[in-house]
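Any read-out appearing in this document is the output of simple, stated calculations on the displayed coordinates, not a laboratory observation. In this text the structure is predicted, and so the values were computed from the model without any measurement. Positions of Cβ are generated from backbone atoms using ideal geometry, with glycine treated the same way; all protein chains shown enter the neighbour counts.
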Amino acid sequence: MKRLLRVLALLAASGLTQVGITQVKAADLPYVPPGPYPAPGPYPAGPAYTVAAPLDCYSWAGPYLGGTLGYSWGSITGNPAQPSGLSGGVQAGYNFQNGPWVFGIEGDLQVTGADDMFAPWKFSNPWFGTVRGRAGYTFRNVLLYATAGLAFGELSGESFAASESHTSAGIAIGLGAEFGISPGWSAKFEYLYVDLSSTPFTVTGVPNGFRADVFRAGVNYHF
């Protein structure tokens, strides 16, 4: 009986010693308070949970409105004058997209400072506009396209004695590249060849028309 009591006493003493050692080791560890735990989903929609779409998922479909600024230089048919000058204006269009292929229609109206004088004649192109179809291929946020359609505009001619203006129609063809810079905005660079048909001018006595190369840059807002 005494031997059993001695064994129990030794076991109790050994247990107390281990508890003390464990408490000392636990006291040496830094205390880390428990952090907040996220509530189980689903989570509500809102700005805190919205992730912006990457530019490689840029969509070109839908309407857009924008402006351009550029430079035009050209020649007068039936006369040596070569009008050139700054141009700028507004544009609007609509795109349809099927995978990487983009098709659409665009119209624009431009005012220009293109003019030139040869001998007694001065010619200027105060304004022109176009209505064109567009077809292109997009990869990531870049759209490469070709465009063609109707052009119309005014050609003004004058001499020392008289002046006159005629509005005529023609064609416009070109190439361009458009870059998506944010989900709502894009920037573009475009080249157009504009050919306005010849019209008889009294001041020159012969039909005169206007052919121009137009290089311009612009921005569009997509709705």
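Work out how much length Phe189 to Ile173 would gain on full extension: take 0.36 nm times their residue separation and subtract the Cα-Cα distance, in nm to one decimal. Walk me through the numbers on the way to the answer.
Numbers: separation 16, 0.36 × 16 = 5.76 nm, distance 1.42 nm.
Additional length available on full extension: 4.3 nm.
Between beta-carbons, use under 15 Å as the cut-off and find the net charge around Thr77, counting Lys and Arg +1, Asp and Glu -1. If you can, show how the numbers build up before the last one.
Working: positive: Arg211; negative: Asp116, Asp195, Asp213.
After counting each charged neighbour, the total is -2.
Please give the net charge around Ala217, taking every other residue with its beta carbon less than 9 angstrom from that of Ala217, where Lys and Arg add +1 and Asp and Glu add -1.
Working: positive: Lys188, Arg216; negative: Glu190.
Net local charge, Ala217 excluded: +1.
Please work out the FRET efficiency for the pair Ala135 and Val206, using the Cβ-Cβ distance as r and a Förster radius of 41 Å; give the result to the nearest 0.05. Before the final figure, lay out the partial values.
Working: r = 38 Å, r/R0 = 0.92.
Computed FRET efficiency for Ala135 and Val206 comes out at 0.60.
Suppose the chain between Trp101 and Met117 were pulled fully straight at 0.36 nm per residue; how much longer would it get relative to their current alpha carbon spacing? Numbers along the way, then the final one.
Numbers: separation 16, 0.36 × 16 = 5.76 nm, distance 4.49 nm.
Going from the current span to full extension adds 1.3 nm.
Go ahead and run the numbers for FRET between Phe160 and Ala217, Cβ-Cβ distance against an R0 of 35 Å, rounding to 0.05.
Numbers: r = 38 Å, r/R0 = 1.09.
Efficiency, rounded to the nearest 0.05: 0.35.
So what's the net charge close to Gly174: Lys and Arg +1, Asp and Glu -1, counting the other residues with Cβ under 14 Å from its Cβ?
Values: positive: Arg132, Arg134, Lys188, Arg211, Arg216; negative: Glu106, Asp108, Glu178, Glu190, Asp195, Asp213.
Every neighbour counted, the sum reads -1.
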